[in-house]
Amino acid sequence: MELLMDSQKIHEECGVIGIYSPAGDTVTKDIYYGLIALQHRGQESAGISVSDTDGLKGNMETHKGMGLVSEIFTGEEISKLRGNIGVGHVRYSTTGESNIKNAQPIAMNYIKGSLALVHNGNIINAQELKKEQLYRGQAHFSTSDTEVLAYEIISERIHTETIEDAIKITSRKIRGGYALIVMSPRKLIAIRDPLGIKPLTLGKKKDAYILSSESAAIESIGGNFIRDIQPGEIVSVTKDGIQSDTSLCRKKKAHCIFEYIYFARTDSIMDGIGVRDARFRAGQALASRDAEELKKEKTRCPDFSNRIDLVAGVPDSGLVAAEGYAFESGIPLASIFHKNNYIGRSFIKPTDKERKDAVQMKLSVLQSVVKGKRILLIDDSIVRGTTMNQIIRALRKAGAREIHVRISSPPFLYPCYYGTDVPSSHQLIAADHSSEEICKRIHADSLAYLKIEDFGRMTGSLSLCKACFDGNYPI
């Protein structure tokens, strides 16, 4: 049974990377491969800007386009981009339309030099700042908040001694979640929002320093992960090494829980926590919850594990949580889908529906595995319910006897304003339907979610932003 899944997942806005080699080595290929490693964070557009720190100021080269990294950058394009300092970006749009004007990096020449900027996140007061900029005569060519950031930085740079000072002043004006990397003619500067909503990491490969959304991208290009950039920290990399400014750091933190649930690669480490470990523990927590419920209903259902033949995860986001559930419960783990990784995808689409249709995942149900079986199926989330409904229909058609759904996150109830594409509440099925109603809608035999209090089991004492689940916005 073949299943064609429309993309109903929550999307991250983008991934960023920056590299500076004081020895003068060209960094373009490493940025390219780093972007390949970050491709899961955005598939609509990608771009790279590079410069030569020993060359004339303003010798910056930029190439960007719509689609996947491998589609945009041919060997010829990569060879044209020569420089020992550079930034790269992959984008999924949440603020601004999906078109080439909003592709990053945002590269600009101005009275004091040049800069190229890449940004992950969302600035919630961007429209206010944009209005001020328009009244100052600064024309905007895109609809993204990244251009607002770039104009704000160059406006402040005119009056400051260093680019770091301009970035610091700008950061005091903006509100939201962000990870920002700026390339100037001689420096690479990064800042993470003071709450740490968006991730940003530091690594090194030989003499070159690497800044990236995830540690996995650093390691994928042969670098060594050093540490996370602290929330509020400004890191500046020059030919003399690395400098850190922590004057904007504060005690309050709010790391995005959905990085651990879904966004980040399983081999990444974020703020001291392995992403795979967090997802495995989420699966364990789901199994523990089921065990607790069984104790309460001992007379009606003496042993749930005897009613389940196998545990399975929805590729790829539910696989590790399924491992955790199987480990905790003792129920066998099985692979019940074949995922086709070779589907052509086109992202240059004019409408939202066409873009969603293009971002699709083709799965085949393994009929010989599921026929006659009682299955406990795990996925990371239910947004509108349409994808899970499709999956369950396909499993039943393949002969599955029972399908019990477990979700390794709580129900989505509120939108996100910090750069995660959680839709408005009226588009979230859990906002106006009970779990029992959702269970009927998706045609499952049972449905249960992770509890908010289980986040402690996933991430320990880490301070979290979980506003999409509880409505408590940190900003």
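Every number in this text was worked out from the coordinates using simple rules, so none of it is lab data. Values in this document were obtained by computation on a predicted structure and should not be read as measured data. Note: ideal-geometry Cβ built from the backbone for every residue, glycine included; neighbour counts use all protein chains shown.
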So Lys112 and Asp432, fully extended at 0.36 nm per residue minus their Cα-Cα distance, gain in nm 109.9 nm
Taking Cα pairs closer than 8 Å and at least 6 residues apart, the relative contact order of the chain in percent is 16
By the C-alpha gyration tensor axes a ≥ b ≥ c (rounded if a/c is under 1.5, else prolate when a/b exceeds b/c, else oblate), the shape of segment 37-172 is oblate
Under the rule rounded for a/c under 1.5, else prolate if a/b exceeds b/c, else oblate, using alpha carbon gyration tensor axes a ≥ b ≥ c, segment 157-219 is classed as oblate
With Rh as the Kirkwood radius over Cα pairs, the chain has Rg/Rh of 1.00
Honestly segment 49-109 on the Cα gyration tensor test (a ≥ b ≥ c root eigenvalues; a/c under 1.5 rounded, otherwise a/b vs b/c for prolate or oblate) is just oblate
Rounded to whole angstroms and listed largest first, the alpha-carbon spread of segment 185-326 along its three principal axes comes to 70, 33, 17
Sequence order, segment 60-76: Karplus ³J(HN,Hα) from phi using 6.51 cos²θ - 1.76 cosθ + 1.60, θ = phi - 60°, Hz rounded, Gly and Pro as x, gives 6, 10, 9, 9, 8, x, 8, x, 7, 4, 5, 7, 7, 10, 7, x, 5
Sorted on mean Cβ neighbours within 10 Å (highest first), peptides 283-289, 326-332 come out as 283-289, 326-332
For 39-49, 245-255, ranked highest to lowest by mean beta-carbon neighbours within 10 Å, the order is 39-49, 245-255
Ordering 82-91, 123-132 by per-residue average of other C-beta atoms within 10 angstrom, highest first, gives 82-91, 123-132
Taking max minus min of the Cα coordinates of segment 14-253 on each principal axis, largest first, gives extents in Å of 42, 36, 36
A correct fewest-to-most ranking of Arg279, Arg227 by other Cβ atoms within 10 Å would be Arg227, Arg279
In the structure shown, of Lys130/Lys168; Lys64/Lys112; Lys198/Lys252, the pairs separated by more than 20 angstrom at the C-alpha atoms are Lys64/Lys112
In nm, the gap between the two label points placed 7 Å beyond Cα toward Cβ at Tyr473 and Ile100 is 3.5
Over all Cα pairs of segment 103-191, the Kirkwood radius sets Rh, and Rg/Rh then becomes 0.91
Pseudo-spin-label distance Leu413 to Ser244, built 7 Å along Cα→Cβ, given in nm, is 3.8
For Lys371, the lysines lying under 21 Å Cα to Cα, once residues fewer than eight places off in the same chain are dropped, come out as Lys339, Lys362, Lys397
Interchain or sequence-distant (5+) residues whose placed amide H lies within less than 5 Å of the amide H of Asp380 are Gly318, Ser408
So, relative contact order of segment 14-253 in percent, Cα under 8 Å, 6 or more apart, is 21
Cβ density ranking, 10 Å radius, fewest first, applied to Leu428, Leu180 yields Leu428, Leu180
Stretched fully, the stretch from Arg227 through Glu132 gains (0.36 nm per residue minus C-alpha distance, one decimal, in nm) 30.5 nm
Residue-ordered couplings for segment 154-168, obtained by feeding phi - 60° into the Karplus form 6.51 cos²θ - 1.76 cosθ + 1.60 and rounding to whole Hz (Gly and Pro as x), are 5, 5, 6, 4, 4, 10, 10, 7, 9, 5, 4, 5, 5, 5, 5
The set of residues whose placed amide H lies less than 5 Å from the amide H of Lys187, leaving out same-chain residues fewer than 5 positions away, is none
Length-normalised contact order of segment 71-206, Cα under 8 Å, at least 6 apart, in percent, tallies to 25
